[in-house]
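Presented below is the structure to which this report refers.
The values are calculated or read from the model by the stated rules, or taken from the named source; none is laboratory data. The structure displayed is predicted, hence computed values, not measured ones. Cβ placement follows ideal geometry from the backbone for every residue including glycine, while neighbour counts extend to all protein chains displayed. What goes into the accessible areas is simple: the full protein's heavy atoms, side chains included, and nothing from ligands, DNA or RNA. Shrake-Rupley method; radii C 1.70, N 1.55, O 1.52, S 1.80 Å.
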Amino acid sequence: MALIWNSFKMFHRMGFDGAKLTQSTYTSVIKLCANTKELEFAKQIHCQVLKNGIGFDHNISTGLMVTYSKCNEMDNASKIFSMMHDKNVVPWTAMIAGYLQNGKMDQAVNLFTQMNKEGLRPNNFTYSIILTANSIVSPFQVHAQIIKTNYDRYSSVGTALLDAFVKLGNVNEAAKVFELIDEKDIVAWSAMLAGYAQVGDTEGAVRIFRRLAAEGVKPNEFTFSSVINACAASAAAVEQGKQFHAFSIKSRLNNALCVSSALVTMYARKGNIESANEVFKRQGERDLVSWNSMISGYAQHGHGKKAHEVFREMQRNNMEMDGITFIGVITACTHTGLVDEGQQYFDIMVKDHHINPTMEHYSCLIDLYSRAGMLEKAMDIINMMPFAAGATMWRTILAACRVHRNLDLGKQAGEKLISLQPQDSAAYVLLSNMYAAAGHWQDRAEVRKLMDERNVKKEAGYSWIEVKNKTYSFLAGDRSHPLSVRIYSKLEDLSTRLRDAGYQPDTNHVLQDVDDEHKEAILSQHSERLAIAFGLLATPAGVPLQIFKNLRVCGDCHTVIKLISTIEKRDIVVRDTNRFHHFKEGLCSCGDYW
DNA sequence: CTAGGGTTAG
């Protein structure tokens, strides 16, 4: 920074001293302005150039255009652009880039078309820029045009193209483009990693990382941030992320903001909230994303108080907050049952921070009230908010109706949900579960019939556990594991000791129309129990267990796991679709509220 | 003189 100011001072002195200010002097200083967004200084230079009759060459004009673009002064940029004669591809490209950086997609695309009409050939810069306008330009179309020029073999163009495909969710197409790049630079490698991260393909990302390492390419902070992000995917092994953490330390990049924030998120999502906090505490500098990551982490783990503390600390540090900060604290309240506090955060957000609530914020509020059983309040929100309720919201209401036995509203919500997503099994399952829990077997049968008629398949519930870097997954009643016999005898053993500890199975959670004895058997073979029994057998005493589940934990399993944590003296962490449950000495971090 | 990659939520 100091050096920059020295340059500006030097430039001033040159003017006073009557030194000859050449075009190249101006060019250098304008470039400096562009890099530092020194708008006022650039304006002075603009005037001087006009006054002194210095030749208005393309370098100076383009430099000024870039500076104006970066400072959101597109009118000034466009004035200069229109005054330039015999423009080559460079100013055209700079102007297109300016429009895109200022979110003016239409103008950028118009200019690109006009440029082609005037017979000017886009170069590799132009293509890599225009491809970032993916909401307007189809990468398939641009790709066709690029192939003729062979620019897709350039790392810069290939990267922009692959990224455009990634943003369309088409990683396969992105990977094809990636392979065709002649000399893949670190930006190309990192973009490909980010692509795999976005679709949650950890193995794909790890493969790419191994390849770049084998080729002797040096990862930078973006490379690590992307690969660590890929390790936050739900199916990724916990160890995988740790390994990249270690590697980033060796490369001395672990303290880069984007890397450390990725680590906070990864550890939190993988159930290791302590490690997430360790990384957070060690961050030398923090930005909005760092703070948000920590708050969201605590929210997912149901640590409402800690999320609140981080929020307060953010306030003390006068950090700017955004909509995501508030999604974090409101969901933290949801998972802790702090209804009033959650509403207060929403009000503070609107009144004090002037943040416009989005659909997601209303979703959070609906969740907040629904989970607390305040279904009328939740419906009030739906009726007053400036959006139409989407499938997610109706699903939230329906799930709450099932828990709180509100059959009328549940029926209504279920119908809405099914009409919005006729092929999504969740709606039918929730509805039928609700009827089953209420003993309305006839209604339940009708929902099931509808499901069959429409050929909607229920997602099978399963749980998995990692032991020594290997993942073992279990379906309910699963007997496919080689240790199956021992697992079931462990379950028997547990069930005896559970009864001694006073446990009564809660057969309300069995949603089939069968007799009670059978219900107990079904409960005792829920997939999470199989995974826990296996974990107890396969790990030494005292080692904490971590279980993942693709659906929500049922109330009976929740009770059982609390007891197991006592009688087996084990800490057990269960991540369901919604949050983490930390079981320790007979209690759960959710305080039985979830 | 113009360029491409990353992070937070649900």
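With aliphatic (A, V, I, L, M), open to solvent by 20 Å² or more (accessible area, probe 1.4 Å) and over 30 Å from the mean Cα position of the chain (by Cα) as the only criterion, which of A:L430, A:L483, A:L494, A:L475 stands out?
Numbers: A:L430 fails: over 30 Å from the mean Cα position of the chain (by Cα); A:L494 fails: open to solvent by 20 Å² or more (accessible area, probe 1.4 Å); A:L475 fails: over 30 Å from the mean Cα position of the chain (by Cα).
From the options A:L430, A:L483, A:L494, A:L475, the qualifying one is A:L483.
Quick check on region A:132-174: of everything there that is open to solvent by 10 Å² or more (accessible area, probe 1.4 Å) and aromatic (F, W, Y), which residue is farthest from DNA strand B (Cβ to nearest atom)?
It comes out as A:F140.
How many of the residues in region A:434-447 are open to solvent by 50 Å² or more (accessible area, probe 1.4 Å) and touching a helix residue (DSSP H, G or I) at 6+ places or on another chain (Cβ under 6 Å)?
Residues meeting the conditions: 1.
Restricting attention to region A:333-346, does a residue exist that is in contact (Cβ under 8 Å) with a residue 60 or more places away in the chain and open to solvent by 50 Å² or more (accessible area, probe 1.4 Å)?
Yes, the conditions are met somewhere in region A:333-346.
Can you pull out the residues in region A:266-280 that are open to solvent by 40 Å² or more (accessible area, probe 1.4 Å) and within 12 Å of DNA strand B (Cβ to nearest atom)?
We begin by selecting, within region A:266-280, every residue open to solvent by 40 Å² or more (accessible area, probe 1.4 Å); these are A:269, A:274, A:278.
If the condition is that a residue be open to solvent by 40 Å² or more (accessible area, probe 1.4 Å) and within 12 Å of DNA strand B (Cβ to nearest atom), then A:R269 is the only one that fits.
Need the failing condition index for A:I80 against (1) open to solvent by less than 30 Å² (accessible area, probe 1.4 Å); (2) away from DNA strand B (no atom under 15 Å from the Cβ); (3) of a type in the set (A, V, I, L, M), just the number.
With (1) open to solvent by less than 30 Å² (accessible area, probe 1.4 Å); (2) away from DNA strand B (no atom under 15 Å from the Cβ); (3) of a type in the set (A, V, I, L, M) applied to A:I80, the lone miss is (2).
Would you check which residues across region A:281-303 are open to solvent by 10 Å² or more (accessible area, probe 1.4 Å), more than 8 Å from DNA strand B (Cβ to nearest atom) and under 18 Å from A:F583 (Cα atoms) and list them?
A:Y298, A:H303
Could you check how many residues of region A:192-234 are among the aliphatic types (A, V, I, L, M) and either under 16 Å from A:K270 (Cβ atoms) or under 16 Å from the mean Cα position of the chain (by Cα) (or both)?
Going through region A:192-234, the residues among the aliphatic types (A, V, I, L, M) turn out to be A:192-194, A:197, A:199, A:205-206, A:208, A:212-214, A:217, A:227-228, A:230, A:232-233.
Narrowing further to those that are either under 16 Å from A:K270 (Cβ atoms) or under 16 Å from the mean Cα position of the chain (by Cα) (or both): A:193-194, A:197, A:199, A:205-206, A:227-228, A:230, A:232-233.
Going through region A:192-234 one residue at a time, the tally reaches 11.
Please work out if A:I129 is in a helix (DSSP H, G or I), more than 14 Å from DNA strand B (Cβ to nearest atom) and open to solvent by 30 Å² or more (accessible area, probe 1.4 Å).
Working: in a helix (DSSP H, G or I): yes; more than 14 Å from DNA strand B (Cβ to nearest atom): no; open to solvent by 30 Å² or more (accessible area, probe 1.4 Å): yes.
For A:I129, the condition - in a helix (DSSP H, G or I), more than 14 Å from DNA strand B (Cβ to nearest atom) and open to solvent by 30 Å² or more (accessible area, probe 1.4 Å) - is not met.
Among all residue pairs at least 6 apart or on different chains, which show Cβ distances below 6 Å where the first residue, located in region A:86-103, is under 13 Å from A:Q114 (Cα atoms) and the second is within 9 Å of DNA strand B (Cβ to nearest atom) and open to solvent by 20 Å² or more (accessible area, probe 1.4 Å)?
Pairs that qualify, where the first residue is under 13 Å from A:Q114 (Cα atoms) and the partner is within 9 Å of DNA strand B (Cβ to nearest atom) and open to solvent by 20 Å² or more (accessible area, probe 1.4 Å), are A:V89/A:N123; A:T93/A:F125; A:I96/A:I129.
Kindly indicate the residue of region A:518-548 that is of a type in the set (V, I, T) and closer than 21 Å to A:R499 by Cβ and also surrounded by the fewest Cβ atoms within 10 Å (Cβ to Cβ) among those meeting that condition. Before the answer, list the steps.
Within region A:518-548, the subset of a type in the set (V, I, T) is A:522, A:532, A:539, A:543, A:547.
Then drop every residue that is not closer than 21 Å to A:R499 by Cβ, which leaves A:522, A:532.
Values: A:I522: 18, A:I532: 30.
For region A:518-548, the residue satisfying everything is A:I522.
Restricting to region A:449-467, what's the tally of residues that are open to solvent by 70 Å² or more (accessible area, probe 1.4 Å) and over 28 Å from A:A533 (Cα atoms)? Break it down stepwise before answering.
Step one: of region A:449-467, the residues open to solvent by 70 Å² or more (accessible area, probe 1.4 Å) are A:449, A:452-455, A:457-459, A:462.
Checking the rest, the ones that are also over 28 Å from A:A533 (Cα atoms) come to A:449, A:452-455, A:457.
Number satisfying all stated conditions: 6.
Hey, does region A:177-190 have a residue that's closer than 29 Å to A:W464 by Cβ and either buried (at least 17 other Cβ atoms within 10 Å of the Cβ) or among the hydroxyl-bearing types (S, T, Y) (or both)?
no
May I ask you to list the residues in region A:498-513 that are modelled with pLDDT of 75 or more and open to solvent by 80 Å² or more (accessible area, probe 1.4 Å)?
A:R499, A:D500, A:Q504
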